[in-house]
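The values are calculated or read from the model by the stated rules, or taken from the named source; none is laboratory data. Note that this is a predicted model, so its numbers are computed, not measured. Every residue, glycine among them, receives a Cβ derived from its backbone with ideal geometry; neighbour counts consider all protein chains shown. Surface accessibility is based on the protein's heavy atoms, side chains included, excluding ligands, DNA and RNA. Shrake-Rupley method; radii C 1.70, N 1.55, O 1.52, S 1.80 Å.
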Amino acid sequence: MFYREAGDFKTSYTDDSQTFPIKFDRYRYYVVLIAAFAVIPFLINDYWVNAVLLPFLIYSIAAIGLNILVGYCGQVSLGTGGFMAVGAFAVYKLMTAFPEISIFIHVILAGGITAGVGVLFGLPSLRIKGFYLAVATLAAQFFLVWLFNRVPWFYNYSASGQISAPERSFLGVPITGAQTAPWAAYLFCLVFCVACALIARNLTRGMAGRKWMAIRDMDIAAEIIGVNPLKAKLSAFGVSSFFVGISGALFFAVYLGAVEVGEAFGINKSFLVLFMVIIGGLGSIFGSFAGAAFLVLLPVLLKNTLVGGLGWPTDLAAHLEFMIVGAMIIVFLIAEPHGLAQLWRIAKEKLRLWPFPH
Amino acid sequence: MPDQLLFGMEVVLNGLMAGVLYALVALGFVLIYKASGIFNYAQGVMALFAAMTLVGIMEGNVPFSHLINAVFGTQVHHFGWQVPGIAAVALTMIVMVALAWVVNQLIFRHLVNQAPIILFMATIGLAYFLEGFGDVMWGSDIKKLDVGLPQGLNTVIDDLTYGLFGYGFFIDNLDIVATVVAALLVGSLVVFAQYSKQGRAMRAVADDHQAALSVGVSLNFIWVMVWSLAGFVALVAGIMWGTKSGVQFSLSLIALKALPVLMLGGFTSIPGAIVGGLIIGVGEKLFEFSVGTMVGGATENWFAYVLALIFLVFRPQGLFGEKIIERV
């Protein structure tokens, strides 16, 4: 009844090809954006930002990036943690080398550097396919983490081997370091998150996205109809790594502040982001957000109920969390292999016909 | 003979032994992949789980004691008996078969005809679940596993090489046992697959699910059997690795060691797993010995992957994998 396209007439091509062609969708997104930018910053405190909102925004960016590669282009990658590490170390080197340049530009540059590294590690995808490629991307994961651990230049020869973000501000408001206000960190990440989502949405509905999807569905057939697999695959690796690099940079600089590479960007991070993409839904931008929200909220909820509510020991709760996350993934795959995004799509279909489904 | 060459030979020998252990894990992967097309990431965690169960049964620990204590406020830890090694291994094997049955009934029966990537993700979910389950069941502390396998320096080889070259090679007894066990395991698996009725049925299922079904092979039975076999291989690998370095979380990471072995050898080939394991074992030890010290060490973490990656660029299906034929 509310959700329909009937009566929503388009009178120009620009209208017809806008990002959200259905009026209800458009207004809903405006409402969400206004709430995110103008309401939430006034309501939040330190706990909410650090436990829920920042990880959600940052993982969403990473999940969008990985979704472009896995969901749209069909190239399974297990190297996300390594690429996030590239973003983190790139932003660290830039921040310490050029302190006078704005951190905003540093984060974007870090994304660019990660894109370069991603294209490099994407090269084997032209020869290797399927599982072999998935395992091959693990080479990126292990090699990059090792590199940042062992080559002192990357962590500026600090004694502990850790990197910690120096204090930087944007438009006079501190963004990194101990002085950061919760709302400032939140807004900074939100800007990147919204920008990334918009770029990704428009890339995937345009020429580039169609080429990626053709490669995903069948690469040989795509090649025959004139898609250049070299350009399509490498551009997917590049764009995906760009987003992942930005998320890694924010993860280090804004969220954690200090990072030990093996701990923060290990293989588990790669799996976590991949889970977000799978649970959220392959090939869906909304799904990336849903998956990230799900996997960020689930541990917080579990911890609050088991440790806070029932008073069980923390290590037991941590083990149970593993069990529950694992079981949830399996249940999701069996019940809805296309993820939360598919549930959302079904709900929209139902809403369209409601209350007269026949 | 120059010292460097002797050291090098020792490194190669140790690499071969390590390679056998990698191959042992890789075997479990190949078995399941061949029979059901599932790339079982949980193999390493299965090895960890098997080793944990073995230790728990041997020491007579109460399963889920942490959980029981947390829920009911009791203080139970031990049954107060010790189970001898052989009996404990048999009991653990029963647990692994039960696990195989449950996994098949609850998960993979429902995922027939799904895309391989979905199946792969399901096994990652299984790995997470088993990891938490093992910790809840037996506790997450580092355990010592001792089923009576010989350990330490092999004096015969030490004396022999000292007599020949004037320098004694250090070879661990456990590695030699592992090599013998792995050879026996591979031999018996090949014989089983080639000559037994169930083995033939397994190969038939691997070839074509539907054709196998139509001539009366029970897919369910074969899958449970294959998962049990993989559980058995995991148990053997768990015993070897557990005796070597203690039963702890890092044991499950051997799965990550086995992946490049698989890539190198080809996902579908049992001999490939062995040869791949040997190449990787020798390669990474030699690389660490010759180059690793110059670039900061710990190259073992990634060398295998990069080697496999470079290798795959020239031969995308691995050494012994079936040729990939693609049609539009």
Margin query: How large a share of the accessible area of the protein assembly as shown, in percent, is made up of carbon and sulfur atoms when the probe is 1.4 Å and the other protein chains stay in place?
Written below: 68
Item checked: Under 20 Å from the residue B:142 label point (7 Å along Cα→beta-carbon), backbone N, segment B:39-70 -> B:45, B:47-56, B:59
Next item on the list: Please identify, among A:319, A:106, A:338, the residue showing maximal mean-square fluctuation in a Gaussian network model of chain A using a 10 angstrom Cα cutoff.
Entry: A:319
Checklist line | Sequence ranges A:224-230, B:314-320, ranked by mean other-Cβ count within 10 angstrom, highest first | finding: B:314-320, A:224-230
Next item on the list: Check cross-link reach from residue A:231 to the lysines: straight Cα distance under 24 Å, and skip same-chain residues fewer than eight apart.
Entry: A:129, A:211
Next item on the list: Using a 10 Å cut-off on Cβ to Cβ distances, tally the other chain neighbours for every residue of B:305-317 and report the average as a whole number.
Entry: 5
Margin query: If you build the convex hull over the alpha carbons only and average its shadow over all orientations, what do you get for segment A:133-200? Give it in nm² to one decimal.
Written below: 7.3
Checklist line | Pairwise FRET efficiency - residue B:323 versus residue A:268, Cβ, R0 = 51 Å, nearest 0.05 | finding: 0.90
Check: R0 = 35 Å: FRET efficiency of residue A:342 with residue A:230, Cβ-based, nearest 0.05?
Finding: 0.65
Checklist line | Residue-averaged [θ]222 nm for the protein assembly as shown, counting only DSSP H segments that reach four residues, each worth -39500 (n - 2.57) | finding: -22000 deg cm²/dmol
Notebook entry, point to check: Which residue, A:42, A:143, A:154, has the most motion in a Gaussian network model of chain A that connects Cα atoms within less than 10 Å?
Noted result: A:42
Notebook entry, point to check: Using a simple spin-label model with points 7 Å from Cα along the Cα→Cβ vector, what separation in nm is obtained for residue B:159 and residue B:114?
Noted result: 5.8
Notebook entry, point to check: In square angstrom, what is the accessible area per residue of segment B:3-314 with a 1.4 angstrom probe?
Noted result: 41
Next item on the list: Name the residues of segment A:321-357, by number, that are at least 40 Å² less accessible with every protein chain in place than in the isolated chain; the surface is that of heavy atoms, probe 1.4 Å, without ligands or nucleic acids.
Entry: A:322, A:323, A:330, A:333, A:334, A:337
Check: How much net charge surrounds residue B:77 when only other residues with a Cβ under 14 Å from its Cβ are counted (Lys, Arg +1; Asp, Glu -1)?
Finding: -1
Next item on the list: Give the cross-link partners of residue A:303 among the lysines, using a straight C-alpha distance below 22 Å as the criterion and excluding same-chain residues fewer than 8 apart.
Entry: A:269
Margin query: Just the number please: accessible area per residue for segment A:120-225, 1.4 Å probe, all protein chains included, in Å².
Written below: 47
Item checked: Net charge over other residues, Cβ less than 15 angstrom from the Cβ of residue A:206 (K, R count +1; D, E count -1) -> +4
Next item on the list: Estimate the FRET efficiency between residue A:210 and residue A:31 by the formula 1/(1 + (r/R0)^6), using the beta-carbon distance for r and 30 Å for R0, to the nearest 0.05.
Entry: 0.50
Next item on the list: At 1.4 Å probe size, with every protein chain present, just tell me what the per residue accessible area of segment A:253-358 comes to in Å².
Entry: 46
Next item on the list: Over the whole of A:142-151, what's the average partner chain Cβ count within 10 Å per residue? Rounded to a whole number, please.
Entry: 4
Next item on the list: Give the Rg (one decimal place) followed by the Dmax (whole number) of chain A, computed from C-alpha coordinates and expressed in Å.
Entry: 20.9, 70
Note to self: Could you report the buried accessible area between A and B, both sides summed, computed with a 1.4 Å probe and given in Å² to the nearest 100?
What the structure shows: 4500
Next item on the list: Kindly point out which whole DSSP H helices in chain B project their C-alpha atoms 20 angstrom or further along the helix axis while averaging a Kyte-Doolittle hydropathy of 1.0 or above.
Entry: B:3-36, B:43-59, B:85-106, B:116-138, B:173-195, B:219-245, B:270-290, B:300-314
Check: Can you tell which of A:214, A:264, A:317 shows the greatest fluctuation in a Gaussian network model of chain A with Cα springs below 10 Å?
Finding: A:317
Item checked: Cα centre as origin, Lys/Arg/Asp/Glu Cβ charges: chain A dipole, Debye -> 740
Notebook entry, point to check: Along the Cα-to-Cβ line of residue A:300, 7 Å from the Cα, sits a label point; which residues in segment A:32-68 have backbone N less than 14 Å from it?
Noted result: A:40-41, A:43-60
Note to self: Let me make sure I get this right: for segment B:3-314, a, b and c are the square roots of the gyration tensor eigenvalues over alpha carbons, sorted descending. Under 1.5 in a/c it's rounded, otherwise prolate if a/b > b/c, else oblate. Which is it?
What the structure shows: oblate
Notebook entry, point to check: How big is the gap, in Å, between the Cα center of segment A:232-254 and the Cα center of segment A:121-161?
Noted result: 14
Notebook entry, point to check: Separation between the residue B:194 and residue B:218 pseudo-spin-labels, each 7 Å from Cα along Cα→Cβ, expressed in nm?
Noted result: 2.8
Notebook entry, point to check: Once fully extended, how much extra length lies between residue B:101 and residue B:208, figured as 0.36 nm per residue of separation less the alpha-carbon to alpha-carbon distance?
Noted result: 36.3 nm
Next item on the list: Can you run the Rg to Rh ratio on segment A:1-119? Use alpha carbon positions and the Kirkwood inverse-distance Rh.
Entry: 1.07
Note to self: If you wrap a convex hull around the alpha carbons of the protein assembly as shown, what volume per residue comes out, as a whole number of Å³?
What the structure shows: 203
Check: What full-extension length gain, to one decimal in nm, is calculated for residue A:46 and residue A:201 as 0.36 nm per residue of separation minus the Cα-Cα distance?
Finding: 52.7 nm
Next item on the list: Any lysines with Cα under 26 Å of the residue B:244 Cα? List them, leaving off those in the same chain fewer than 8 positions away.
Entry: B:143, B:144, B:257, B:285
Notebook entry, point to check: Using the Cβ atoms and a cut-off under 11 Å, what net charge is assigned to the surroundings of residue A:127, where Lys and Arg are +1 and Asp and Glu are -1?
Noted result: +3
Note to self: Using a 7 Å offset from the Cα along the Cα-to-Cβ direction at both residue B:253 and residue B:68, what is the distance between the two label points in nm, to one decimal?
What the structure shows: 3.3
